[in-house]
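Encoded as structure tokens, the structure appears first; notes follow it.
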Amino acid sequence: MKKWVKNLAVSLLIPGLLFMVAGCGLIGTAQPASPAKGIQVRMIKAGIGLNEDHPQGQGLKKFKEIVERKTGGKWKVQTYFSAQLGDDLKMTEALKGGLQEITIPSTSPLVGTVKEFGIFDFPFVFNDPKEADAVLDGPLGQKLLQKLPQHGLIGLAYWENGFRNLTNSKHPVATVADFRGLKIRTMQNEVHINAFKALGVNPTPMAFSEVFSALESKTVDGQENPLATIESNKFNEVQKYLSLTNHVYTPFVFLVSKKFWDQLSDEEKKILTDAAIEAGKYERELNRQQNKKSLENLKRKGMQVNEFSPEEKKKAQEIIKPVIDKYSKEFGEDLVKQMYDEVNKVRGQK
Ligand code: TK8
């Protein structure tokens, strides 16, 4: 074969080969491995107010594990505990501004955004956690979540903070009269503030992260929270008396920034939603087990524990009734009726 013909053939052949090889991604110009369909690489910040040991912290770690697994590692969930990113209100505002992707506050401080969440601050609504699950996961709870997007928030699931009990450093609270004159820290929530005022308490609303030091310095006499929170925040070190009032059931709500949510593919939204629900179920169960253990642990750690009888609960309900009537009008009497109807329906099924 003439030399020039051979050179021409080679000069045509090599680029052709290179083009073919490049096309199937075998060398430098290879196409990047296409990301799993509809899932982008993302780094998301998730912050909560309680510590890592609390069931809420364990639930957030479970959420992280599920999401990172289901996205094939393309999502990285940076978790922040103990109000490292701020308290419930501050983190909720950060979500609205798109500065943080996830937080899981109590519904109580959310009343400044969606006032109707305040119906969950009515005392003595639920008798047990299953009633709370049925109402929160049912039509009423879902109706309230639908009020969040207009405020820049997406609510994906309810987790459990739980039944709140009173601690203080002054004396046991075994009767309604025992509340009188106590300075109690409350959440930043009007229903709590005014219900405690009706009982003769001097309420001091403040962020959760300030509570331990306020108790330690005796700025306030007491506070009220579920048993797992009381133990995991070591309130027994600065509080002598624990009164099992179970006066309010507080939900947590799993919130996502709408600015973030609107960037997601349908596939990513499903992964996020399913993980929030699955981790929520895990957290609820863990919280219930922990509350039982915490009661025994707090007794062993020296807290003086007393019951709060059904008769005294009835008296408290009577005294607080004008406050509930006022807020029923403010939140919508239909909504309040729906809550009690849904509770009674669950009770009727037992
Ligand atoms: C933690 C709070 C806390 C709540 C409170 O972020 O503020 O007392 O019960 O658990 O949401």
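The values are calculated or read from the model by the stated rules, or taken from the named source; none is laboratory data. These numbers were taken from a predicted model, which means no experiment stands behind them. Glycine gets a Cβ as well: all are built from the backbone with ideal geometry, and neighbour counts include every protein chain shown. These area figures cover heavy atoms from the full protein model, side chains too; ligands, DNA and RNA do not enter into them. Shrake-Rupley method; radii C 1.70, N 1.55, O 1.52, S 1.80 Å.
Across segment 110-179, the fraction of Cα-Cα pairs farther apart than 20 Å, rounded to a whole number, is 43%.
Working note: Karplus 6.51/-1.76/1.60 with θ = phi - 60° gives segment 130-138 the couplings 5, 5, 5, 4, 5, 6, 5, 7, x Hz, where Gly and Pro are set to x.
Any number yet on Rg/Rh for segment 42-349, C-alpha, Kirkwood? Mind dumping the intermediate values first?
On the way: Rg = 18.9 Å, Rh = 19.7 Å.
For segment 42-349, the value is 0.96.
Axis angle, to the nearest 10 degrees, between helix 55-70 and the longest C-alpha principal axis of the chain: 20 degrees. For segment 244-329, the share of accessible area belonging to carbon and sulfur comes to 54 percent (1.4 Å probe, ligands and nucleic acids excluded).
Using just its DSSP H runs of length 4 or more, each adding -39500 (n - 2.57), the chain gives a mean residue ellipticity at 222 nm of -14500 deg cm²/dmol after division by all residues.
Given Cα pairs under 8 Å that are at least 6 residues apart, what percent is the relative contact order of the chain? This gives 24 percent for the chain. Placing pseudo-labels 7 Å out from each Cα toward the beta carbon at GLN263 and MET206 gives an inter-label distance of 3.7 nm.
Report, in listed order, any pair from LYS234/LYS292; LYS147/LYS314; LYS45/LYS259 with a Cα-Cα distance greater than 22 Å. The partial results should precede the final answer.
Details: LYS234/LYS292 16 Å; LYS147/LYS314 33 Å; LYS45/LYS259 13 Å.
The answer is LYS147/LYS314.
Please give me the summed charge of the neighbours of GLY49: other residues whose Cβ is under 13 Å from its Cβ, Lys and Arg +1, Asp and Glu -1. Spell out each step's value before the answer.
Values: positive: LYS90; negative: GLU52, ASP87, ASP88, GLU210.
My count for the surroundings of GLY49 gives -3.
Our summary gives segment 170-225 a relative contact order of 38 percent, counting only alpha carbon pairs under 8 angstrom and 6 or more residues apart. Each peptide in 95-105, 280-290 was scored by the mean count of other Cβ atoms within 10 Å over its residues; highest first, the order is 95-105, 280-290.
Could you compute the FRET efficiency for LYS130 and LYS329, with r as their C-beta to C-beta distance and R0 at 41 Å, rounded to 0.05? Provide the component values of the computation, followed by the final result.
Values: r = 29 Å, r/R0 = 0.72.
The pair LYS130/LYS329 has a calculated efficiency of 0.90.
How much FRET efficiency would the formula 1/(1 + (r/R0)^6) give for VAL305 and LYS76, where r is the Cβ-Cβ distance and R0 is 30 Å, rounded to 0.05?
Here the calculated transfer efficiency is 0.10.
Any of LYS218/LYS321; LYS170/LYS315; LYS74/LYS281; LYS62/LYS337; LYS183/LYS299 with alpha carbons more than 32 Å apart? Name them for me. Exceeds cut-off: LYS62/LYS337. Once the Cα atoms of helix 310-331 and of the chain are each reduced to a long axis, what angle between those two axes, in degrees from 0 to 90 to the nearest 10, is obtained? Relative to the chain, helix 310-331 is tipped by roughly 60 degrees. Semi-axes of the equivalent ellipsoid for segment 234-313, computed as √(5λ) from the eigenvalues of its C-alpha gyration tensor and ordered from largest down, come to 38, 14, 12 Å. Rolling a 1.4 angstrom probe over the protein heavy atoms with all chains in place gives the chain an accessible area of 47 Å² per residue. Largest first, the residues LYS218, LYS299, LYS147 sort by 1.4 Å accessible area into LYS218, LYS299, LYS147.
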